[in-house]
Amino acid sequence: MLNEKMLRLGRERSAIRELFEYGNGRAQEIGRENVFDFSLGNPSIPAPACVEQEIKRLLRDMPAQELHGYTSAAGDAQVRRAVASYIEGAFGVPMDGEHVYMTCGAAASLTIVLTALCEEGDEFVVIAPYFPEYRVFIENAGGMVKAARADKRFHLDMGSLDEAVTEKTKAVIINSPNNPAGTVYGENELKELAVLLKKKSAQKGAPIFLIADEPYRELTYGAAVPYPAAYYRDTIVCYSFSKSLSLAGERIGYLAVSPQCTGADDLFAAVCGAGRSLGFVCAPALFQRVCASCLGKSGDLSRYRENRDLLYNALRSFGYECVEPEGAFYLFVKSPLSDAKAFCERAKKYELLLVPSDSFGVEGYVRISYCVKRETIERSLPAFEKLIKEFE
Ligand code: PLP
């Protein structure tokens, strides 16, 4: 009677959402300040001032029916041109408005691209640990997930990628700065990846695309984030303003097909077709325009950096093992129990809500989102200390 696949997906809920709901329940029982909810990647710093200024300006200056009416399916032409010229200026790669599609955030960018690319039998390579929704998006597009491993410090492992990428591969998805590990891929590893993908594409006799999922591009603590399209021409960037501008609930982002991609015009036409078939046409019109005036901007990232330093240094001093994140707002910590789910259950005893790594495609870690108030981290530290003492 119903689509079984969708029923299962709807019932299963993500481990992260599940924890978030649990946290809300506990907050009602014992008070929000006593629950240390590190489950969700919801930005905790205010949007930069340009967002409010631009909203006010647009509401004042633009006729309402124009401002709130449909834009073209791929987005407002002026906005798409602004995004393209920003990409050209900031990253020194060719781009034009005709290859930019405005979307409802990175989730929509990814589902559109995957739907546009996927043919029967296609595999999509992801790098574990990976954002759990990749599996949902890939399988819904009709593709198969093939996981490569990251190395011990969560950078690209070329050996593992070499094994995972085959003639069945349609695309490889990378995410830097990374959720959940906070890794930022450097120039050399992107160059090595480009060499590998060129070799594999030649063996396949068809391009293997690189999908760069970049909602955290601006969120780094000093590390430069090289632009993947500068190293590999068959690149599609899935971008979102959710994290950089703290606009996660407004659902706004874009995807950019490099005009240097093999068959770029057809690929973009397939993107438009996928957007149409999925109902992702005309991203929120007001926020398209707001974001066009705030390109490359972000809120006060020093707040995330302070949280990172406080949490990372404290957890290391208590005996937790983790790699210092270079970007995004997640700390990926080795679980003292090989069963990370069991460890997260123990953490709940101290009102610590941590996400087990299993849905990220690796076992034995937990993800801590530190996009929370600084006081939450400060108040949670004694709980983290007591928790690890249980395993000494
Ligand atoms: N990709 C990654 C790696 C993410 O972490 C997220 C959200 O947390 C998304 C995509 C989806 O982002 P958006 O809110 O823009 O849809």
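Below are the figures for this structure:
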{"read-out": "Backbone N under 11 Å from the residue 29 label point (7 Å along Cα→Cβ), restricted to the stretch 336-368", "value": "349, 351"}
{"read-out": "Debye, to nearest 20: dipole size of the chain, +1 on Lys, Arg Cβ, -1 on Asp, Glu Cβ", "value": "440 debye"}
{"read-out": "Ordering of 250-262, 40-52, 367-379 by burial proxy (mean other Cβ atoms within 10 Å per residue, highest first)", "value": "250-262, 367-379, 40-52"}
{"read-out": "All Cα pairs of the stretch 181-250, percent lying beyond 16 Å", "value": "55 percent"}
{"read-out": "Ellipsoid equivalent to the stretch 253-296 - semi-axes via the Cα gyration tensor, in Å", "value": "22, 16, 5"}
{"read-out": "Bins of 10 Å from zero: percent of alpha-carbon pairs in the stretch 39-193", "value": "9, 27, 35, 21, 8, 1"}
{"read-out": "Length added when fully stretched, residue 14-residue 265, from 0.36 nm per residue minus Cα-Cα", "value": "86.8 nm"}
{"read-out": "At R0 = 56 Å, FRET efficiency that the Cβ-Cβ distance of residue 1 and residue 167 yields, to 0.05", "value": "0.90"}
{"read-out": "Whole-Å semi-axes of the ellipsoid equivalent to the stretch 130-211 (Cα gyration tensor, √5λ, descending)", "value": "19, 18, 10"}
{"read-out": "Degrees, to the nearest 10: 77-91 long Cα axis against longest axis of the chain", "value": "70 degrees"}
{"read-out": "Farthest toward positive dipole pole in the stretch 1-154 [+1 Lys/Arg, -1 Asp/Glu at C-beta], among 130, 91, 112", "value": "130"}
{"read-out": "Using distinct alpha-carbon pairs, which all enter the 1/r mean, Kirkwood radius of the stretch 49-140 in Å", "value": "16.1 Å"}
{"read-out": "Along principal axes, Cα extents of the stretch 296-392, largest first, whole Å", "value": "41, 30, 20"}
{"read-out": "Protection proxy ranking, peptides 208-219, 15-26, 344-355, 272-283, average beta carbon neighbours within 10 Å, highest first", "value": "208-219, 344-355, 272-283, 15-26"}
{"read-out": "Net lengthening on full extension, residue 139/residue 91 (0.36 nm per residue, minus Cα-Cα)", "value": "14.1 nm"}
{"read-out": "Distance in nm between pseudo-label sites at residue 302 and residue 346 (7 Å out along the Cβ direction from Cα)", "value": "3.9 nm"}
{"read-out": "Neighbour-limited loop hits for GluC sites (Glu not before Pro), the stretch 67-161 (at most 13 other Cβ within 10 Å; DSSP other than H, G, I, E, B)", "value": "119, 120"}
{"read-out": "Size descriptor, Kirkwood hydrodynamic radius, that averages inverse alpha-carbon separations across the stretch 23-73, Å", "value": "14.9 Å"}
{"read-out": "Separation of the residue 204 and residue 152 label points, Cα + 7 Å toward Cβ, nm", "value": "3.2 nm"}
{"read-out": "Share of pairwise Cα separations in the stretch 214-306, more than 21 Å, in percent", "value": "43 percent"}
{"read-out": "Nearest 10 degrees, 0 to 90: helix 374-389 Cα axis against the chain principal axis", "value": "60 degrees"}
{"read-out": "Degrees separating the helix 15-30 axis from the principal Cα axis of the chain, which is the longest one", "value": "50 degrees"}
{"read-out": "Förster radius 30 Å - calculated FRET efficiency between residue 276 and residue 50 (Cβ-Cβ, nearest 0.05)", "value": "0.40"}
{"read-out": "Cβ-Cβ FRET estimate between residue 21 and residue 119, R0 fixed at 41 Å, reported to 0.05", "value": "0.65"}
{"read-out": "Alpha-carbon Debye profile of the stretch 301-351, log10 I(q)/I(0) at 0.29 Å⁻¹", "value": "-1.13"}
{"read-out": "Computed Kirkwood radius, in angstrom, where 1/r is averaged over Cα pairs of the chain", "value": "21.8 Å"}
{"read-out": "Mean ellipticity per residue at 222 nm, deg cm²/dmol - from DSSP H runs of n ≥ 4 across the chain, formula -39500 (n - 2.57)", "value": "-13500 deg cm²/dmol"}
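Every number in this text was worked out from the coordinates using simple rules, so none of it is lab data. Owing to the predicted nature of the structure, the values given are computational and were not obtained by experimental measurement. Note that we place each Cβ from the backbone using ideal geometry, even for glycine, and neighbour counts take in every protein chain shown.
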